[in-house]
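Structure first, commentary second.
Quick note: the coordinates plus some simple rules give every number you see, no bench work behind them. Predicted model only: the values in this text are computed from it and were never measured. Every residue, glycine among them, receives a Cβ derived from its backbone with ideal geometry; neighbour counts consider all protein chains shown.
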Amino acid sequence: MTAEIINGREIAQTIRHKVLEEIQLLVKKYKVHPNITTIMIGDNPSSALYKKLRDNACREVGINPQQIDFKKDVSEKKILTTIEALNKDPEVHGILIQYPVSGHISSEKLMRTILPEKDVEGFHPLNLGHTFLGEEYLVPCTPQAVMSILEEYKIALECKDVVIINHSNVVGKPLASLLLKRNATVSICHVFTKNLKKYTTQADIIITAVGKPKLITPEHIKEKAIIIDVGIAQTDKGICGDVDFETVLEKAELITPVPGGVGPVTIACSLKNMVVTYKKCVENL
Ligand SMILES: NC(=O)c1ccc[n+]([C@@H]2O[C@H](COP(=O)([O-])OP(=O)(O)OC[C@H]3O[C@@H](n4cnc5c(N)ncnc54)[C@H](OP(=O)(O)O)[C@@H]3O)[C@@H](O)[C@H]2O)c1
């Protein structure tokens, strides 16, 4: 028996279709097209590729993607002033920063400066607070994508043991909240976890988001585990995830590939968040 491979592109297509229909109705009602601005800092090739894919997805559903570019050494103050101007601009219906940003700029400061109602990524403390309280208003796109995949494949979460490998504020922690809300038992592992295998071999579901190829091998999982691989790493052979895909395939029940798994669904979920910010902005006009 080999695992069923999750088709992230198909899930993304379904989400994009729903977003397109919703936007068509909203544009008809409010007579304003959604404009979403991304701030790009530096010229990181993976960020540029991700941004290009997201922009294409935006155009497909009737969202107008706009971009402001800064050199890598731009001052933090200049970015903050730009965000403040975008916050006030009634023609901007959502703001994104393409992370990661250079070390001299505080990501946290940028996240806090974007107006919560224009915060497409859901990283503002107020929006993260909503997510942690189970209100699910503007949920960060990657945790939202993982939940959409589990939902689409009808994975029951109640009573399940779930291990997340990532404890960042934007992936691991919000994801844990979403899973806890659905009554899963959640363990969060990270680089300081003493014995990763001790946790992963007990898990019904493993969600890994590290960016380290072959972090998860068959010895890390139990028979029929469900594996969601968020990690992205560039190798000589191309892009791969954290999971040693071919070998784990023989033991798992359900698994996401990289590419074609969580990535396209994350982009689709960012479109969903754009609808939320756009709606909020036009309703306030
Ligand atoms: N598919 C998608 O849509 C998508 C979206 C977002 C991110 N990603 C990918 O997901 C990965 C993580 O992204 P991120 O922004 O969350 O990065 P991050 O903030 O650097 O998080 C990486 C996490 O992995 C932990 N970690 C590092 N080495 C480890 C090890 N050997 N064993 C166990 N845990 C370890 C880190 O712990 P410490 O903090 O203690 O070091 C941290 O919690 C990257 O590959 C990124 O490209 C994919």
Going 7 Å from the Cα of Asp43 in the Cα-to-Cβ direction, what parts of region 73-97 have a backbone nitrogen less than 15 Å from that spot? 73-74
Taking the chain and counting helices only, DSSP H stretches of n ≥ 4 at -39,500 (n - 2.57) each over all residues, the nearest-500 ellipticity at 222 nm comes to -13000 deg cm²/dmol
Shape of region 215-266 from its Cα gyration tensor (a ≥ b ≥ c, root eigenvalues): rounded if a/c is under 1.5, otherwise prolate when a/b > b/c, or oblate? oblate
Between Val258, Val101, Val120, which gets the highest mean-square fluctuation from a Gaussian network model of the chain, Cα cutoff 10 Å? Val101
Check: region 204-285 dipole with +1 on Lys, Arg Cβ and -1 on Asp, Glu Cβ, in debye: 420 debye
Based on the Kirkwood radius over alpha-carbon pairs, what is the Stokes-Einstein translational diffusion coefficient of region 142-285 at 20 °C with 1.002 mPa s viscosity, in µm²/s? 137 µm²/s
Out of Leu138, Leu25, Leu86, any idea which swings most in a Gaussian network model of the chain, alpha carbons joined below 10 Å? Leu25
Got a sec? How would Arg54, Arg9, Arg59 order by Cβ neighbour count within 10 Å, fewest to most? Arg59, Arg9, Arg54
Selection from Leu80, Thr14, Asn195, by position along the positive dipole direction of the chain (Cβ): Leu80
In straight Cα distance, which lysines are under 17 Å from Lys52, not counting same-chain residues fewer than 8 positions off? none
Classify region 94-223 from the C-alpha gyration tensor, please: rounded if a/c falls under 1.5, else prolate or oblate depending on whether a/b exceeds b/c. oblate
Could you tell me which of rounded, prolate or oblate describes region 1-82, using a ≥ b ≥ c as the square roots of the eigenvalues of the alpha-carbon gyration tensor, with rounded for a/c under 1.5 and, failing that, prolate when a/b is larger than b/c and oblate otherwise? oblate
Neighbour counts of other C-beta atoms within 10 Å: give me Glu136, Glu223, Glu121 arranged from fewest to most. Glu223, Glu136, Glu121
Model label zone, Lys224; criterion: amide N under 19 Å from point 7 Å along Cα-to-beta-carbon; scope region 1-22: 1-6
The chain - Rg (one decimal) and Dmax (whole number), Cα, Å: 19.0, 56
Listed here are the pairs Lys31/Lys272; Lys173/Lys272; Lys18/Lys78; Lys51/Lys118; Lys51/Lys72; which of them are more than 26 Å apart at the Cα? Lys18/Lys78
List, in the order given, every pair from Lys214/Lys251; Lys154/Lys197; Lys198/Lys251; Lys77/Lys109; Lys88/Lys279 whose Cα-Cα distance in the structure shown is over 19 Å. Lys154/Lys197
Net lengthening on full extension, His17/Glu84 (0.36 nm per residue, minus Cα-Cα): 20.9 nm
For a quick check: sort Val276, Val171, Val139 by the number of other beta carbons within 10 angstrom, fewest at the front. Val276, Val171, Val139
Select from the chain the helices, each a whole stretch of DSSP H, whose alpha-carbon atoms run 18 Å or more along the helix axis and whose Kyte-Doolittle mean is at least -0.5; answer none if there are none. 8-30, 76-88, 262-283
Can you tell me which of Ala252, Ala209, Ala156 moves the most in a GNM of the chain? Springs connect C-alpha atoms under 10 Å apart. Ala156
